[in-house]
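What follows is calculated from the coordinates using simple rules that are stated; it is not laboratory data. In this text, all values refer to a predicted model and were calculated from it rather than measured experimentally. Cβ sites come from the backbone with ideal geometry, for glycine too, and all protein chains shown count toward neighbours.
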Amino acid sequence: MSQPATRAKPRPLSPHVMHYKMLPTMLMSGIHRVSGAALYFGTLLVAWWVTAAAGPEDYFNFVAGVYGSWFGQLVLFGFTWALIVHMLGGIRHFIWDTGAMLEKHTATKLAWATLFGSIIITVAIWAVIFWARGAA
Amino acid sequence: MSKSSDMRTPLGRVRGLGAAREGTGHFWQSRVTGLALVFLTLFVVGLLVSLNGASYADVRAALANPLVSLVLLVTIVTGLYHMRLGMQEIILDYAHGEFSKYLLLILNTFFSVAVGAVSAFALLKIAFGG
């Protein structure tokens, strides 16, 4: 009556993600994962910046120029949003870990709060950046 | 696969271990590093906003401050550990072949260590006046 070492037949898989209706909690789950992956590669931008600061002034100014260009600012804006939405998503997971706010409609409200909260905080951070730049 | 020496059922042997064979360790570590990162990240975002448009000399002076340097080092180590755990989860979800799975898991570790080593070295160089 021993079990075979390998499976006799493939195990059943759940339906592909495209077969489900998109729900706010599902959307935010996906955004949490994608933002996490983006931040993973975003660490290269941090490493490049601190490396440049540790190097000669000319090189630092070059990197600062890249980050200060319109494209650089766009990427950094995206980086900021990925950071904030991932942070709020993480806090949402901490809340869920306690067993709270898991009820269907509450979880949906929490998902929207994560999305809108992340947009508001990101825009606020960049408002401070542009305000400080104008004041300087 | 031993047939008679182990009294436990196949399910009993693997229950709680998961795809990475390390039980709930992954879950708990990601939560603890994530909790630390909430505070560390807020500090770093504040620092970077304050350094917006700053000159080479100003940036180096800020990064040479012992407290700033220490918090940045802890943030980098904690962040890279956290992201390595997260990427491991993504790899285990999508890499189905044994070879591709282990290759990606190894690359994940290499990437995290490399980014951490380069960043930490740069920060220490600035902190020690290099």
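Quick notes on this structure:
- Electrostatic dipole magnitude of chain A [Cβ: Lys, Arg +1; Asp, Glu -1; Cα centre; debye, to 20]: 800 debye
- Taking a span of 20 Å or more along the helix axis (Cα atoms) and a mean Kyte-Doolittle hydropathy of at least 0.0 as the rule, the DSSP H helices of chain B that qualify are B:25-50, B:66-94, B:98-127.
- Percentage relative contact order, segment A:1-126, counting C-alpha pairs under 8 Å, at least six apart: 32 percent
- Distance (nanometres) between label positions extended 7 Å along Cα→Cβ at B:VAL113 and A:LEU13: 3.3 nm
- Each of A:ILE119, A:THR108, A:TRP49 was placed along the dipole of segment A:23-135 (beta-carbon charges, centred on the mean Cα), and the one lying farthest toward the positive end is A:THR108.
- Average beta-carbon neighbours from other chains, 10 Å sphere, peptide A:52-60: 5
- Lys/Arg +1, Asp/Glu -1 at C-beta; the protein assembly as shown dipole; positive extreme among B:THR41, A:GLY72, A:PHE130: B:THR41
- Other protein chain Cβ atoms within 10 Å, averaged over every residue that makes up B:43-53: 4
- Spatial separation of Cα centroids for segment B:87-130 and segment B:32-71, in angstrom: 22 Å
- Sorting A:127-134, A:31-38, A:62-69 by their mean Cβ neighbour count within 10 Å, with the most densely packed peptide first, gives A:31-38, A:62-69, A:127-134.
- Shielding by partners - mean other protein chain Cβ count within 10 Å, residues of B:85-92: 2
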